[in-house]
Amino acid sequence: MPSPGEIQTLKVNDEFHICPECGYELGFHTSFIRVNASKDKSIKSTREIYRVIFICPECGARFDVGWRVSFPELESHCVETTIVKQL
């Protein structure tokens, strides 16, 4: 497996499944890189924001097409209650 290269920024037109570096035609793997949400002025959120990175499985080239995602926090199933004694 090739080592990951520098992430290239690309604009996607109608479809993105062919690697611009090597011509591989069967799509991409994906990875997520955490970004600092306070620096991204277009996103107003307290959640962690991740860049979606596409990786060519053939040559290892990496591409950022501008997608950003956040993942919902796992909900806690514990509920805090108070006990009331009946008289």
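The values are calculated or read from the model by the stated rules, or taken from the named source; none is laboratory data. None of the values given here were measured: they were computed from a predicted structure.
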Suppose the filter is modelled with pLDDT of 85 or more and of a type in the set (A, V, I, L, M, F, W, C); does Ile43 pass it? no
Could you check, for region 49-60, whether at least one of its residues is charged (D, E, K, R) and modelled with pLDDT under 60? no
